[in-house]
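Nothing in this text is a laboratory measurement; each read-out follows from the coordinates by a stated rule. Just so it is clear, the model here is predicted, and its values are computed rather than measured. Every residue, glycine among them, receives a Cβ derived from its backbone with ideal geometry; neighbour counts consider all protein chains shown.
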Amino acid sequence: MDWLNRLMALDRRWIFLLVAIGTALPIIFPIGFKVSVTPPAKALFDRIEQMGPDDVVLLSFDYGPSTAPENDPMADAVLRHCFSKRVKVVLLSLFPIGGVTMADQSLARVLRDFPDIRRGIDYAHLGYKSGSQATMKQMGEDIHRVFPTDRYGMALSEVPLLQRVRTYDDMKLVVSFATGIIGEWWANLINAQFHIPVAVGCTAVSAPKYYAYLQSGQMVGLLGGLKGASEYERLVIDRYPIVEAAYTRAGLYTAIKGMDAQTIIHTLILLFIIMANVAFFAGRGRAAQAKR
């Protein structure tokens, strides 16, 4: 059997095995391919980098478990950046299917590396609220009326951080980690009506539609999928040794590791496409010769 017949008869399970190995190895043994940072990710990083300990950022966890592999790394990286800068953070979720759990888990992962960050003083967790657009707009009037208590059952009037945060006017930035349309609502409703800067971290498939908001000035930054998350991770790791140490010590799954795997898988796919085309044209040429 010659090379063409061998190639055409290749058991597809070998392909599955190569894909599995190409996915697992970079996560277990990180390669560290170079991450090029795009302007939308750098813009969000610079915006938070300019803030101080008296500034407040609202992080809205508007996604569920199905998109966690893309959204979790970007949420963790932004939260680590805020805590590294000692910027105050208010967390909430408007996504009905597991969004508040995503916020809980991100907070738990990050707080392990910042033992001096205090609940109620350095951050507040409002929990989940239904209503989406209505909730967003009511928060522009009075957050305390929308969330009578925080995630832990404490009245907002008793939370030191929230005693001085009542509307969007008391915040510097909203970052929505989003799947679906909720991120768009932050950009085209809340930014337009209340003029608070908005940034979005979205899944890769959703990223193209957000560039219109970015270019129009309705958004100040964008993290698109795992690539955008890896860019932000790289920026934070390069700037803050404590973050790099945290990722290294815990062996956490990161977007940079994910991009290593994605790069290898995409390379394999390209090789498979080339091999398939070579086999196809070689087979067609052989069939044409046989007819002569």
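The relative contact order of segment 98-205, computed from alpha carbon pairs under 8 Å that lie at least 6 residues apart in sequence, is 21 percent. For segment 248-288 and segment 44-109, compute the distance between their C-alpha centroids and round to whole Å. Between the Cα centres of segment 248-288 and segment 44-109 lies a distance of 33 Å. Axis of helix 225-239 versus longest Cα principal axis of the chain: the two differ by about 60°, to the nearest ten degrees. Computed from backbone phi, the HN-Hα couplings of segment 178-184 come to 10, 10, x, 9, 4, x, 5 Hz, rounded to whole numbers (Karplus: 6.51 cos²θ - 1.76 cosθ + 1.60, θ = phi - 60°; Gly and Pro given as x). Take the residue pairs K137/K209; K85/K257; K88/K172; K42/K227; K172/K227; K227/K257 and return only those whose Cα atoms are more than 18 Å apart. As for pairs spanning more than 18 Å Cα to Cα, those are K137/K209; K85/K257; K172/K227.
In the chain, Cα pairs under 8 Å separated by at least six residues give a relative contact order of 25 percent.
May I ask for the angle, rounded to the nearest 10°, between helix 12-28 and the longest principal axis of the chain, with both axes built from Cα atoms and the value confined to 0 to 90°? Tilt of helix 12-28: around 40 degrees. Backbone amide hydrogens, once placed in the peptide plane, bring F95 within less than 5 Å of Y63, excluding anything fewer than 5 places away on its chain. Derived scalar couplings between HN and Hα for segment 107-112 equal 4, 5, 4, 6, 5, 4 Hz in order, rounded to whole Hz, by the Karplus curve 6.51 cos²θ - 1.76 cosθ + 1.60 (θ = phi - 60°), x for Gly and Pro.
3J(HN,Hα) couplings calculated from phi for segment 189-195 with the Karplus curve 6.51 cos²θ - 1.76 cosθ + 1.60 (θ = phi - 60°) are, in sequence order, 10, 6, 4, 5, 8, 10, 6 Hz; Gly and Pro show x. By the helix-only formula, in which each DSSP H run with n ≥ 4 contributes -39500 (n - 2.57) and the sum is divided by residues, the chain has a 222 nm mean residue ellipticity of -16500 deg cm²/dmol. Computed from Cα positions, the angle between helix 241-250 and the longest principal axis of the chain comes to roughly 60 degrees. Packing, as the average of other Cβ atoms within 10 Å across residues, places the peptides 269-280, 131-142, 227-238 in the order 227-238, 131-142, 269-280, highest first.
In terms of modelled amide H atoms, which long-range or inter-chain residues lie less than 5 Å from the amide H of S176? Excluding prolines and chain starts, which carry no amide H, the hits are S60, A199, V200, G201. Highest mean packing first, where packing is the average number of other Cβ atoms within 10 Å per residue, the peptides 115-123, 59-67 line up as 59-67, 115-123. Take every Cα-Cα pair in segment 37-99 and report what % of them are more than 12 Å apart. For segment 37-99, the share of Cα pairs beyond 12 Å comes to 70 percent. For V89, the amide hydrogen comes within under 5 Å of the amide hydrogens of V57, Y123, A124, counting only partners 5 or more places away or on other chains and with H modelled in the peptide plane. Applying 1/(1 + (r/R0)^6) with R0 = 30 Å to the Cβ-Cβ distance of L25 and V205 gives a FRET efficiency near 0.70.
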